[in-house]
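The values are calculated or read from the model by the stated rules, or taken from the named source; none is laboratory data. Because the structure is a prediction, the values reported are computed rather than measured. Note that we place each Cβ from the backbone using ideal geometry, even for glycine, and neighbour counts take in every protein chain shown.
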Amino acid sequence: MRQLIAGNWKMNGLAGDTAAICGPLRTGADGLACDLLVCPPFTRIVTAANILVGSAVAVGGQDCHVNEKGAHTGDISAAMLADAGATWVILGHSERRADHGESDALIQAKTKAAVATGLSPIVCVGETEAQRVAGDQNKIVGGQLAGSLPEGFAGVVAYEPVWAIGTGKTATEADVAAMHLFIRETLVKQLGDAGNKVRILYGGSVRPANASTLLAVPHVGGALVGGAALNAADFLGIAKAAKA
Ligand code: PEP
C-alpha cells in the first residue's frame, strides 16, 4: 500500500501562497513513491485544483457539512468540494473538535456524506496531553474510532496526538508504534479484514528531519502534515521519505 502524505493548510493560503506551494509540487511529485494530497482552505481549492490538474497531486477540503445543500450559512457541502475539484476531505481534525465542538456522531455523519458524494475521507483521532498523562490514550482513541467511523469505512484514519500538533513536540517512535498497532487492531475488530486495508497516518510536527523515522514505524501509512505543508520544499522533503 503506498503511503499518503497529506498537507493540511488550515486557515492559511491566499492566492499567491497557493501558486507558490502548488507550482513546485506539480513537477516535484513526479516519480514519488507515495500519494500526495494538499488541503487548502475552501477559498483556494479551485485555484489549487487548476494548478495541479493532470498532476500526481490530489486536492482536498478540510471539512464538509452533513447535508448536500440548504440553509446552513457559512458551511460547505461535500458536493461543493467535489465541484471545486476536491477528491478528498479531512474530517474531525482536533481543531474542529475543539473550536466547533464537533462530536464523534457528527464526524460519522460527515464521513457518510463525504463518501456518498465520492470523496475519500481522512478521519482524525487523537488524545490531548492531559489524557495521555492520565494513561487514557487508548480509551480516548478507541472511543473516537468507534464513534466517528461509519460501518464499512474504507477511508483513511489520521492519528494526531493533540499535544504534538503545531508544537514541535513529536511522539516517540515507541508511542507511535504502540498507538498505530492499537488502531490497527481496533480497526480490524470494528471493520473485519477491511480494517487491514485502512491507511493510518501519523500527524503532529512531522518535518523533513523526522519523516524517515516516523514513516518507517509499522502500521504508519503516511503523514498528515500541518506547518511543513506550507512550504513546497519541506512538503516534498517529507514525501521523499515515504515508503512504497
Ligand atoms: C495538523 O494540522 O494536522 C498537524 C499535524 O500540524 P503540524 O504538522 O503543524 O503539527
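Quick rundown of the values:
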{"item": "Condition check for Gly204: more than 11 Å from the ligand (Cβ to nearest atom), crowded, with 21+ Cβ neighbours inside 10 Å and either among the small types (Gly, Ala, Ser) or more than 16 Å from Ile122 (Cβ to Cβ) (or both)", "result": "no"}
{"item": "Identity of the residue in segment 155-201, in contact with a Ser or Thr (Cβ under 8 Å, 6 or more places away or on another chain) and charged (D, E, K, R), that ends up nearest to the ligand (Cβ to nearest atom)", "result": "Glu160"}
{"item": "Matching option when the condition is loosely packed, with under 15 Cβ neighbours inside 10 Å and either of a type in the set (Gly, Ala, Ser) or more than 10 Å from the ligand (Cβ to nearest atom) (or both), among Ala239, Ala146", "result": "Ala146"}
{"item": "Test: residue in segment 132-150 that is under 19 Å from Asn8 (Cα atoms) and in contact with a Pro (Cβ under 9 Å, 6 or more places away or on another chain)", "result": "no"}
{"item": "Unmet criterion (only one of (1) among the hydrophobic types (A, V, I, L, M, F, W, C); (2) exposed (fewer than 14 other Cβ atoms within 10 Å of the Cβ); (3) in contact (Cβ under 8 Å) with a residue 60 or more places away in the chain) for Ala158", "result": "(2)"}
{"item": "Sole residue being of a type in the set (Asp, Glu), farther than 22 Å from Asp63 by Cβ, modelled with pLDDT of 95 or more and exposed (fewer than 14 other Cβ atoms within 10 Å of the Cβ), chosen from Asp175, Asp136, Asp193", "result": "Asp193"}
{"item": "Subset of segment 1-58 [in a helix (DSSP H, G or I), within 15 Å of Asn231 (Cα to Cα) and under 19 Å from the mean Cα position of the chain (by Cα)]", "result": "Thr18, Ile21, Cys22, Leu25, Ala48"}
{"item": "Any hit, segment 70-89, residues being within 20 Å of Ala154 (Cα to Cα), of a type in the set (A, V, I, L, M) and under 14 Å from the mean Cα position of the chain (by Cα)", "result": "yes"}
{"item": "Residue that is surrounded by the most Cβ atoms within 10 Å (Cβ to Cβ) [pool: residues in segment 58-116 that are within 16 Å of the ligand (Cβ to nearest atom) and of a type in the set (S, T, N, Q)]", "result": "Gln62"}
{"item": "Helices (runs of 4 or more DSSP H) contained entirely in segment 67-144, each with at least 2 residues that are of a type outside the set (A, V, I, L, M, F, W, C)", "result": "94-99, 104-117, 129-133"}
{"item": "Search result, residues across segment 1-41 that are away from the ligand (no atom under 16 Å from the Cβ) and either among the hydroxyl-bearing types (Ser, Thr, Tyr) or closer than 26 Å to Asp99 by Cα (or both)", "result": "Leu14, Ala15, Thr18, Thr27"}
